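Peer 1: Have a look at this one.
The values are calculated or read from the model by the stated rules, or taken from the named source; none is laboratory data. Small disclaimer: the values here were computed from a predicted structure and weren't measured. Note that we place each Cβ from the backbone using ideal geometry, even for glycine, and neighbour counts take in every protein chain shown. Each accessible area value is taken on the protein alone, full model and side chains, heavy atoms only, with ligands, DNA and RNA left out. Shrake-Rupley method; radii C 1.70, N 1.55, O 1.52, S 1.80 Å.
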Protein chains: 2
Amino acid sequence: MSTDLTAPRWLDEEEQQAWRSYLRATRLLEVALDRDLLAHGVQLSEYEIMSMLSENPRRRLRMSEIASLVVQSRSRLTHTASRLEKRGFVRREPCEGDRRGVELVLTDEGYAAVRAIAPLHVASVRAALTDHLTRAQLLALGTAMQAIADGIEATGACEEVAEGVLPA
Amino acid sequence: MSTDLTAPRWLDEEEQQAWRSYLRATRLLEVALDRDLLAHGVQLSEYEIMSMLSENPRRRLRMSEIASLVVQSRSRLTHTASRLEKRGFVRREPCEGDRRGVELVLTDEGYAAVRAIAPLHVASVRAALTDHLTRAQLLALGTAMQAIADGIEATGACEEVAEGVLPA
């Protein structure tokens, strides 16, 4: 009469197919976007941070906030920030009002780089992602992905990233 | 009367929202799955290769084939294979009939590890992905992702990965 609560709920064939398509597409997409950006001298992870800073009215964000936004460990973000700093695209400054915190600031040179690369990057996102879907498919994909993000965040994985618990 | 073919096709607000949800969810999902597997001593990239080998009747695959299946550069795959080899989970052997090629072979110890971890990994995929979607949403997600993968593969990005053109 007992139910085995520990029996694995294996994926059935259709679920398995969906999961494999997901894994393969996410990787191919990352490779395609990264390849296109590398032709312009930046990695996807670098561009994303610069783009995020460029959208902030003060062109600056706390490192902890960026880590949470891009879902990266603090140590990986620190490496990325160092590379961008060497190229003159960002600089690190103590937070106003909180000297222990660090903010990343987009320089004029970094802002110019984002403006130059943005049209190429959007063309790349169109070619690799949106051009392969109908608008309805794209919006449904967005809704499903938002449900996944919300579901995972409810478990607290996100805070672990921000706190640097996870490996670089 | 002329059309500016080079004008960027910027994402509109809904497309932008879908794209951001996609980026955030893929990363959170990777973090969540990796975290769960690390608790059992393997990384997602390591488990995936072992799992793939375990499904092959001969428990062996060519390195070039694995690189293409998991969409990894050859150099990154070589590093992963070395780590797995040190732990006794795989060994490298020359291909039968083609001494220049290398095959990765899952050892009995590696097979036992996959069998032990698989139920935990599927629970992790359920908790992080499928439990947040209806079945219809999951299958639609799979269809959309397959369209993206097919679209990108038609551009040839995949061969570049297999040939090790891309960075590790």
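Peer 1: Percent of alpha carbon pairs in chain B separated by more than 26 Å?
Peer 2: 42
Peer 1: Follow-up question, since we're still on this one. Let me know the charge dipole size of region A:1-77 about its Cα centre in debye, to the nearest 20, where only the beta-carbon of Lys, Arg (+1) and Asp, Glu (-1) is charged.
Peer 2: 580
Peer 1: Hey, another quick one. Just how large is the dipole of region A:29-111 about the Cα centre, in debye to the nearest 20, putting +1 at every Lys and Arg Cβ and -1 at every Asp and Glu Cβ?
Peer 2: 360
Peer 1: Report, to the nearest whole %, how much of the accessible area of the protein assembly as shown belongs to carbon and sulfur atoms, 1.4 Å probe, protein only.
Peer 2: 52
Peer 1: At 0.36 nm per residue, minus the direct Cα-Cα distance, what do residue A:58 and residue A:154 gain on full extension? Give it in nm, one decimal, please.
Peer 2: 31.5 nm
Peer 1: Separation of region B:94-153 and region A:69-101 by C-alpha centroid, Å?
Peer 2: Region B:94-153 and region A:69-101 have Cα centres spaced 34 Å from each other.
Peer 1: Over all distinct alpha-carbon pairs, what is the Kirkwood Rh of region B:106-159 in angstrom?
Peer 2: That comes to 13.8 Å for region B:106-159.
Peer 1: What is the angle, in °, between the Cα long axis of helix B:135-153 and the longest principal axis of the Cα atoms in chain B? Nearest 10 is fine, range 0 to 90.
Peer 2: Once rounded, the angle reads 90 degrees.
Peer 1: Whole number in Å², please: accessible area per residue of chain A, 1.4 Å probe, ligands, DNA and RNA not counted.
Peer 2: Accessible area per residue, chain A: 51 Å².
Peer 1: Further question: Place +1 on the Cβ of every Lys and Arg and -1 on the Cβ of every Asp and Glu in region A:45-168, take the dipole about the Cα centre, and give the residue among A:117, A:94, A:52 whose Cα lies farthest towards its positive end.
Peer 2: So the residue we want is A:117.
Peer 1: Continuing with the same structure: Hey, can you grab everything whose amide H is under 5 Å from the amide H of residue A:102? Only 5+ residues off in sequence or another chain; H modelled, so Pro and N-termini drop out.
Peer 2: Under 5 Å from the amide H of residue A:102 lie the amide H atoms of A:63, A:64, A:95, each far enough along the sequence or on another chain.
Peer 1: Among B:39, B:127, B:73, whose Cα lies farthest out toward the positive end of the dipole of chain B, if unit charges sit on the beta carbon of Lys, Arg (+1) and Asp, Glu (-1)?
Peer 2: Comparing the listed Cα positions along the dipole, B:39 ranks first.
Peer 1: Let me know the volume per residue of the alpha-carbon convex hull for region A:1-100, in Å³.
Peer 2: It is 190 Å³ per residue.
Peer 1: By accessible area of protein heavy atoms, probe 1.4 Å, what ranking do B:130, A:6 get, highest first?
Peer 2: Heavy-atom accessible area, descending, gives A:6, B:130.
Peer 1: While we're looking at this one, here's another question. In Å and whole numbers, how far do the C-alpha atoms of the protein assembly as shown stretch along each principal axis, longest first?
Peer 2: Sorted from largest, the Cα extents of the protein assembly as shown read 58, 51, 41 Å.
Peer 1: Treat every Asp and Glu Cβ in chain A as -1 and every Lys and Arg Cβ as +1, leave all other atoms uncharged, and give the resulting dipole magnitude about the Cα centre to the nearest 20 debye.
Peer 2: In debye, rounded to 20, chain A gives about 740.
Peer 1: Roughly how much accessible area, to the nearest 100 Å², goes out of reach of solvent when B and A pair up, both sides summed, probe 1.4 Å?
Peer 2: Interface between B and A: roughly 6300 Å².
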